[in-house]
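What follows is a single structure, written as structure tokens, with notes after it.
The values are calculated or read from the model by the stated rules, or taken from the named source; none is laboratory data. Here the structure is a predicted model, which is why all the values come from computation and not from measurement. Neighbour counts are summed over all protein chains in view; Cβ atoms, including those assigned to glycine, are modelled from backbone coordinates with ideal geometry. Protein only, heavy atoms only, side chains kept; ligands, DNA and RNA dropped before computing areas. Shrake-Rupley method; radii C 1.70, N 1.55, O 1.52, S 1.80 Å.
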Amino acid sequence: MNIRRRTWLACIAAAAAWLATGLPSGAMAQDGPGGALNVAIFPEPNIIVGGWGQTGPSQLVNGNIYEGLLRYNDKLEPMPGLATAWAISADSLVYTFTLKRDVTWHDGQPFDAQDVVFSIDKIARTLNPRVRVALQAVESIKALDSHTVEIRLKEVFAPFIGLFDVSTIPIVPRHLYENADLAGKPPAGPIVGTGPYRFKEWVRGAYIHLVRNERYHEAGVPKIDNVFFHVIPDAASRAAAFEAGKIDVLPGGTVEYFDVARLATLPGVAVTSKGWEKFAPLAWLWINHRNPLFQDLRVRQAIALAIDREALSKVVWQGYAPAASGPFHRQTPFYSAATVQPQRDKDKARKLLAEAGYQGQSVRLVGLPFGETWNRSAELVRQNLLEAGFKVELVSTDLAGAVAKASNWDFDLAFTLMYQYGDPALGVSRNYVSSEIQKGSPFNNVGGYQNAKVDELFRRGAGTADPQQRAAAYAEAQKLLIDEVAAVWLLELDFPTVYRSKLDNLVNSGIGLNDSLARAAFTSR
């Protein structure tokens, strides 16, 4: 099929998808002084209530309705949010937040310190497993007055100040949820935050509509009047809808990478990889260390040497995802370049495999069902392993199946994608320490890797505020993980966002579009 025919068919598919959205007449127009911003979203969020909605699509919407105590710039430095000031005691055990005054919830109720205490100590501690682990270091959370919150730690937890963005701990209204059943279904009541946009309408399968919060507490924002998040299930249709001018923003990961490269050449289109500094997404292959075959280090080394990460980066991911050098993303604090995993050497891989006495046992490789780019990645890795002498069975499944296989350790090798959340203690250690080998979740040490020295190094890195001591501990941990081939790290996924170049200041924090669209504006109409 030539490109012109493929594009034409994609446009037809886009038109069909667009009609299927049920978008109301006039929603596309940039009506009002600030206009309307149209953003693609997929998959559709299951819930957008702050605290309950934790998936990527949920966070994309939630960051506009709710807020965190802090925001973070691209260097991961804290900036004011609902807190205007913050102080950390000399012993790093007491954190004091001063809250912004004259802030109201979208329903008109006043925001105060009790909302913050409730959101952290009740909602986040109960509903967010990742935050719950971090909050184990907390001794107490209390309101000193209506606009001051004090958090005391039992022990030093170095990355604690990095917990307070809206995607991690959104502040929610206590007056609506203090009697909510946190073990039951999410609340079905009004969606109320303090953020720059108010919830207007959600037509399932079609779009989510947010409107400007006229009483927002920051002068001059939001600058755009209406935001529509359009649910378009097919990646080619999303790309074609953008080309047709129906979509202004394609958030990272919503179109195939070969389409990113094509769309980037169109007039009036810009592409940025900014806005992922705090998440620092990393893709890798889990190795199931419970499999006797993989308990031989030579076999694990053969896997690592077999895979052509540069081809993955340049060919499959069109240069938008650099090859990973190890377990830390380069943007994650305490990344060490002193030790990196070896480059591809398939002859050495074959030699190691022979030395290990490999008998041709079949290896199940589980892919990720996130689209054609991921399918091509799995095919390339499979081909690389075949060339090194492995017998490989590629296992394709839907998202639920992939999650189930990882959670239940039902794989030999499996693709994964994880965020590192701005600190190794928040987003890296969980994947390798033995205490996080817990069946039932895909977000912990799924591979079953165990090394007491690595456990101790991650404990040491989190338990001191001294940056030099932290760096030393994490550098040694990275070396051990690479030397022992705890996993095979593939790509650093700095997801490119495709958008209209007439949009100014679209990405303005270290969590990008997950923060809010409040400061974005059209420079022309």
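Can you tell me which residue among T168, T194 is within 26 Å of P333 (Cβ to Cβ), among the hydroxyl-bearing types (S, T, Y) and within 26 Å of the chain's Cα centre (by Cα)? Walk me through it before giving the result.
Details: T194 fails: within 26 Å of P333 (Cβ to Cβ).
Answer to the selection: T168.
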Q. If A473 passes every condition in (1) more than 30 Å from L250 (Cβ to Cβ); (2) in contact with a strand residue (DSSP E or B) (Cβ under 7 Å, 6 or more places away or on another chain) but one, which one does it miss?
A. (2)
**Q.** The listed residue being in contact (Cβ under 8 Å) with a residue 40 or more places away in the chain and open to solvent by 40 Å² or more (accessible area, probe 1.4 Å), out of T126, T55
**A.** T126
Q | Sole exception among (1) under 26 Å from A321 (Cβ atoms); (2) in contact with a helix residue (DSSP H, G or I) (Cβ under 7 Å, 6 or more places away or on another chain); (3) of a type outside the set (G, A, S) for R460, by number | A | (1)
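Would you mind stating whether K348 is surrounded by fewer than 17 Cβ atoms within 10 Å (Cβ to Cβ), without any contact (Cβ under 8 Å) to a residue 24 or more places away in the chain and not acidic (D, E)? Step through it out loud before you land on a result.
Details: surrounded by fewer than 17 Cβ atoms within 10 Å (Cβ to Cβ): yes; without any contact (Cβ under 8 Å) to a residue 24 or more places away in the chain: no; not acidic (D, E): yes.
So K348 fails the test.
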**Q.** Pair list, Cβ < 7 Å and 6+ apart or interchain, from the range 176-193 residues that are farther than 12 Å from V49 by Cβ and acidic (D, E) to residues that are in a helix (DSSP H, G or I) and open to solvent by less than 30 Å² (accessible area, probe 1.4 Å)
**A.** E178/F118
Q | Number of positions in the range 310-327 that are in contact with a Ser or Thr (Cβ under 9 Å, 6 or more places away or on another chain) and part of a helix (DSSP H, G or I) | A | 2
Q | Set E277, E214: member being of a type in the set (D, E, K, R), surrounded by fewer than 24 Cβ atoms within 10 Å (Cβ to Cβ) and touching a residue at least 24 places away in the same chain (Cβ under 8 Å) | A | E277
Q. Which of the residues belonging to the range 252-268 are surrounded by fewer than 16 Cβ atoms within 10 Å (Cβ to Cβ) and either of a type in the set (S, T, Y) or closer than 18 Å to L503 by Cα (or both)?
A. A264, T265, L266, P267, G268
**Q.** Which numbered condition N46 misses (of (1) more than 26 Å from A143 (Cα to Cα); (2) touching a residue at least 24 places away in the same chain (Cβ under 8 Å); (3) touching a helix residue (DSSP H, G or I) at 6+ places or on another chain (Cβ under 9 Å); (4) open to solvent by 10 Å² or more (accessible area, probe 1.4 Å))
**A.** (2)
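Looking at A402, is it crowded, with 22+ Cβ neighbours inside 10 Å and either in contact with a strand residue (DSSP E or B) (Cβ under 9 Å, 6 or more places away or on another chain) or at pLDDT below 95 (or both)? Full working, then the answer.
Numbers: crowded, with 22+ Cβ neighbours inside 10 Å: yes; either in contact with a strand residue (DSSP E or B) (Cβ under 9 Å, 6 or more places away or on another chain) or at pLDDT below 95 (or both): yes.
It is true that A402 is crowded, with 22+ Cβ neighbours inside 10 Å and either in contact with a strand residue (DSSP E or B) (Cβ under 9 Å, 6 or more places away or on another chain) or at pLDDT below 95 (or both).
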